[in-house]
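A quick write-up on the structure given underneath.
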Amino acid sequence: MQSPLSLRQMSIPKGLGYLTIMAPGNFLCMRSNFLFGSRSWMIRFSAEILFKSVSFRPFGVKCDNADSEPLKNEELLNNLLTLGVDIDMAKKRQPGVFNRTGTNEQDLKSFLLSKGASKEVIASIISRYPRAMTRTPESLSNRWDLWRRIMTSDLEIVNILERSPESFFRSSNNLNLENNIKFLSSIGLTRKCLCRLLTNAPRTFSNSLDLNKQMVEFLKEVCLSLGHSDPTDFIRKIIFKNPFILIQSTKRVKANIEFLQSTFNLNNKELLALICGPGTKILELSNDYTRRNYANIKEKLFSLGCTAEQVQKFVLSYPDVVFLGEKKFNHKVDCLIEEKISISQIMENPRILDSSVSTLKKRIKELVKSGYNFSTSNVSLLSWSQKRYNAKLKKLSTV
């Protein structure tokens, strides 16, 4: 009597778990298209096996993940594959979307195509923010019309969606969006300013109307307490220079204003000039982060022979330096000192600290090779744009 074929067990990774396969060991080959839940299998047998009487157990399928149910959304997954969506990324970002009984991926595709988005952009949007598929065509159309009150073209909106899909799809509350647009317009924000907000800080329009009103009222109080006679102008300046201000808490902004005034001994006029000008961005930082970075700047510059007055003047001349974490600031300063750039040159040209350490080293090496003398020449070109810097380097090389 012929013995049955020996069985071999193996596990094959699958989108929602693992497949445990029990199959005859002398299968010629087996190929699985079981990616992302497709149940299409192809099995080929050798001619010898096909014509023999064989005995084996049927295939057993086991999904090890607790939440791996029989795929109800097989059509969704197939649609997403056709669209070119990165399903692994989408599942990691918003797995709950794949448990929904109804999604609108085809409607979303048609809508975005009609607005000028490419298939690649649509795939990228869904990959990074799959919740976009849950929006109805009516909701999408209404929201798009509201955005068009601010943006001048469909292409501008498509570009924002490509960069930050969450900005458009995060909320489906179109009434809240409309109310925020009306409110922000009522406090004097121009279309240009609203466009800047929508481009850089779209979460502003997802805030509840009350939250935005709360911040605006707080800024009015700050303005009046500092002796400014035009709150509307004050608010407009701050929002235009720092579009992220409305998505911060009033507690954070207040703490940073108090820190700036007490640390630098500023009078009301000086504080107004700072927070409406170069220091506006500091208002969005965590107060602990601001204090820690400033303490590190003082410690580092003191160690290099700077006085307290020089440190204060340095930070006030370029408040963005406070954004540099401890390691980054120290590393950049050390790099410049090692390359024979003096601390006084750094203090006079703080923008050079905006460049990365690798860029600083590369440029210094190129300039020295071209005969540039940093001890007698300006170091500001270390922070120039690449185009401007290349033109200067080319000019130096031809001399």
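The values are calculated or read from the model by the stated rules, or taken from the named source; none is laboratory data. For clarity, every value in this text was computed on a predicted model and none was experimentally measured. Cβ: placed from backbone, ideal geometry, glycine included. Neighbour counts: every protein chain shown. Ligands, DNA and RNA are stripped out before the accessible areas are found, and what is left, the full protein with its side chains, is counted by its heavy atoms. Shrake-Rupley method; radii C 1.70, N 1.55, O 1.52, S 1.80 Å.
Here are the numbers:
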item: Cross-link pairs LYS300/LYS340; LYS340/LYS365; LYS251/LYS298 - those with Cα-Cα distance over 21 Å; result: LYS251/LYS298
item: Neighbour cut-off at most 16 other Cβ (10 Å), DSSP loop, trypsin sites (Lys or Arg not before Pro), the stretch 133-212; result: ARG149, ARG170
item: Aspartates and glutamates with Cα under 17 Å of LYS313, excluding same-chain neighbours fewer than 8 positions away; result: GLU270, GLU299, GLU348
item: Set of lysines near LYS119 by C-alpha distance (under 19 Å), chain-local residues within fewer than 8 positions excluded; result: LYS109
item: When each of LYS237/LYS387; LYS92/LYS327; LYS281/LYS392; LYS241/LYS269 is checked by Cα-Cα distance, pairs over 23 Å; result: LYS237/LYS387; LYS92/LYS327; LYS281/LYS392
item: Relative contact order [Cα under 8 Å, 6+ residues apart], the stretch 319-398, whole percent; result: 30
item: Heavy-atom surface of the stretch 244-399, accessible at 1.4 Å and reported per residue (Å²); result: 55
item: Largest to smallest accessible area among SER358, SER286 [probe 1.4 Å]; result: SER358, SER286
item: Three semi-axes of the equivalent ellipsoid, the stretch 319-398, Cα gyration tensor, whole Å, largest first; result: 22, 13, 11
item: Aspartates and glutamates whose Cα lies under 15 Å from that of LYS395, excluding same-chain neighbours fewer than 8 positions away; result: GLU366
item: J(HN,Hα) series, the stretch 255-268, from Karplus relation 6.51 cos²θ - 1.76 cosθ + 1.60, nearest Hz, glycine and proline x; result: 4, 6, 5, 5, 4, 4, 5, 6, 5, 9, 6, 8, 7, 4
item: Accessible area of the stretch 131-187 belonging to carbon and sulfur atoms, whole % at 1.4 Å probe; result: 44
item: Å² per residue, accessible surface of the stretch 200-241 at 1.4 Å; result: 49
